[in-house]
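First up is the structure itself, then whatever we jot down about it.
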Amino acid sequence: MITTAGLTKRFGSLRAVDQVDLDVRAGDIYGFLGANGSGKTTTVRMLLGLVLATSGSIEVLGQPMPKAAGSVLPRLGALVEGPGAYGHLSGRANLLLHDASGNRSARGDRAGRARRVDEVLDEVGLGGVGRRPVRAYSLGMRQRLGLAAALLREPELLILDEPTNGLDPQGIGEIRRLLLKLHAAGTTIFLSSHLLAEVEQLCTRVGVLDRGRLIVQAELAELQEPTGRVVLRSPDAAAIASEFAGRLISRSGDELVLTAADAAELNTDLVRRGFRISELMLQRQSLEQTVLDMTGPSADRVDRP
Amino acid sequence: MIGIEVYKLFRRPRTWLTIALLDALPTVVAILLAATHLGPRPGTGPAFLSAVLSNGSLFAVAALAIVLPLFLPIAVAVIAGDAIAGEAQGGTLRYLLIRPVGRTRLLVAKLVASFAFVAVAVLVVAGTGFVVGRLLLGQQPLSAAVTSVSGSSLTPAQISWRVAISIGYVVLSMLSVAAIALFLSTLTDSPLTASLGALAVLVGSSVLLTLDAAHALQPYLPTRYWLSFIDLFRDPILWRNVERGVALQLVYVAVFLAAAWANFASKDVTT
């Protein structure tokens, strides 16, 4: 769906994006992670032909960008760095205008297009907003409107840059459900975000960008592999700690971390010895820890040399 | 796309407010003239103001002469300067481009919309001037002969087509302002900067026109021939400056449109 090779963008002496080889496959929900200023937005803009790459190649939906922009862009929907709309018009008028601009041949009849506009407004939860001008929308409502615009043409590929920005927790949940529904219906989603939790809950594949370089690109499950340890809670923590001293990694209060190749086997062993276990869980690497381990300090932090 | 841009421009309340303000100044002048009958002495003050006291129909041309040096260029610079930079500032430019609307197509559509604004603004000012002049000032019958700037008299038919040509000439003069503002609009993301930049060019040009030392430059300054449409009301018509004015404005339009296209077609859109 999206393939880049050696994608580089220089602004003066700054390498905003450096030799990035993205590989987004059909059917992915691809989480494009990175701190603020790591080059996510510049990459997204290059994928869409807004910013021209210094070097490297981009293929979106199997065609080169920005050369084939005319045939690629109508097939995808995008939300780039916040929504954009004309403040003096209503959300519906904005969508109609947005729909009317662009390629004439890709449009249906007038009634069909108006119906589609109402449909996407319902889909993002703005169906009842009426004629209020966008000027009077909240940040979350604008975000929903931007998403509606991206969905307008039933795209095969959605490129979303921080789609839950400005939404409250209920809104975030709603948008997540909407994205999962679209994905189930066959839409590939490329989601750029700095919110690890959001990516962890939604994505199947992850790419991590750090100061312009793509340092990881893998299935989410691979990044969340078991660590070979088990976390358990027990009222008999002290006794267990002394009995399993050789396998003990750490103990705090009634919580213990033990090495164990097989959690079930450890559980049987403990129970057989008469220990009461209130909680037992395989320890997994968290995405957050993986990402923090691999990346440097925040890119918007600038220390003295 | 052209239709959509024109529709967008004329659906903005601001566009109509600008045109209304453009009409306000000539209307105020007409009211003052009608109330006081104190026209400037022939040869001084804005063109035609001494003539309109006896013939209100000429006020259409007088209204153009009143707004041409400052008001009209400001309005055109504001509208054309907003063309690309306004979309960039509002965050809508990126969504237009990924719709996708080709960059050249968008620029052409913005250009045509700005030109449509120029034409509508000039026509509305001339029309208002005519109506206000007929209502408030000298009410000679439309068939009466009019005294030309040279002193001989012109028939109503002669006057009509001369007025038509002068409206066309004023529109053309404003197109160069639109082209300059549009070019600046592709350079910056702030519509205010683009509009003020275009005005700075015009103010600079007007200042140099008053300076004897800049004599060699003067034939190439954008505002040099703006008021030459008055020559159309001489008898016989003095074509020399009008022709030069047309040629000069066309060169300005062509150069700045080419520059706007060259800049915008390869620009990184980062807003």
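Considering region A:49-74, and only residues there that are surrounded by fewer than 20 Cβ atoms within 10 Å (Cβ to Cβ), touching a Lys or Arg at 6+ places or on another chain (Cβ under 9 Å) and more than 26 Å from A:G12 (Cβ to Cβ), the residue that is farthest from the other protein chains (Cβ to nearest Cβ) turns out to be A:L61.
Cβ-Cβ contacts under 6 Å between residues 6 or more apart (or on different chains), taken from a first residue in region A:235-260 that is of a type in the set (K, R) to a second residue that is in a strand (DSSP E or B), are listed as A:R247/A:L258; A:R247/A:T259.
Taking first residues from region A:75-103 that are at the interface with chain B (Cβ under 8 Å from one of its Cβ atoms) and free of Cβ contacts under 8 Å to residues at least 24 places away in the same chain and partners that are aromatic (F, W, Y) and in a loop (DSSP other than H, G, I, E, B), the Cβ contacts under 8 Å between residues at least 6 apart in sequence or on separate chains come to A:L97/A:Y86.
Among the residues making up region A:11-48, those that are farther than 18 Å from A:V291 by Cβ, of a type in the set (K, R) and surrounded by 14 or more Cβ atoms within 10 Å (Cβ to Cβ) are A:R15, A:R45.
None of A:V208, A:V199, A:V216, A:V230 is outside any strand (DSSP E or B) and either in contact with a strand residue (DSSP E or B) (Cβ under 6 Å, 6 or more places away or on another chain) or modelled with pLDDT of 85 or more (or both) except A:V199. Can you find a residue in region B:100-111 that is away from chain A (no Cβ under 14 Å), under 23 Å from the mean Cα position of the chain (by Cα) and farther than 25 Å from A:R142 by Cα? Scanning region B:100-111 turns up at least one residue that is away from chain A (no Cβ under 14 Å), under 23 Å from the mean Cα position of the chain (by Cα) and farther than 25 Å from A:R142 by Cα.
Do you know which of the residues in region A:144-176 that are touching a strand residue (DSSP E or B) at 6+ places or on another chain (Cβ under 7 Å) and among the charged types (D, E, K, R) is farthest from B:R94 (Cα to Cα)? The qualifying residue farthest from B:R94 (Cα to Cα) is A:E156.
So, B:I84, is that one more than 14 Å from chain A (Cβ to nearest Cβ) and touching a residue at least 24 places away in the same chain (Cβ under 8 Å) or not? Taking the combined requirement at face value, the residue does not satisfy it. Among the residues of region A:141-158, is there at least one that is among the acidic types (D, E) and modelled with pLDDT of 90 or more? Yes, there is a match, as at least one residue in region A:141-158 is among the acidic types (D, E) and modelled with pLDDT of 90 or more.
Residue-by-condition table, conditions (1) at pLDDT 90 or above; (2) more than 24 Å from A:H88 (Cα to Cα):
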position	(1), (2)
B:G81	yes, no
B:L96	yes, no
B:R99	no, no
B:V112	yes, no
B:G133	no, yes
B:S143	no, yes
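For region A:166-194, residues that are part of a helix (DSSP H, G or I) and either in contact with a Ser or Thr (Cβ under 7 Å, 6 or more places away or on another chain) or surrounded by 12 or more Cβ atoms within 10 Å (Cβ to Cβ) (or both) total 11. The single condition among (1) assigned to a helix (DSSP H, G or I); (2) surrounded by fewer than 17 Cβ atoms within 10 Å (Cβ to Cβ) that B:T270 does not meet is (1).
The values are calculated or read from the model by the stated rules, or taken from the named source; none is laboratory data. From a predicted model like this one, the values you see are computed outputs, not experimental measurements. Cβ coordinates were reconstructed from backbone atoms using ideal geometry, including for glycine residues, and neighbour counts include every protein chain displayed.
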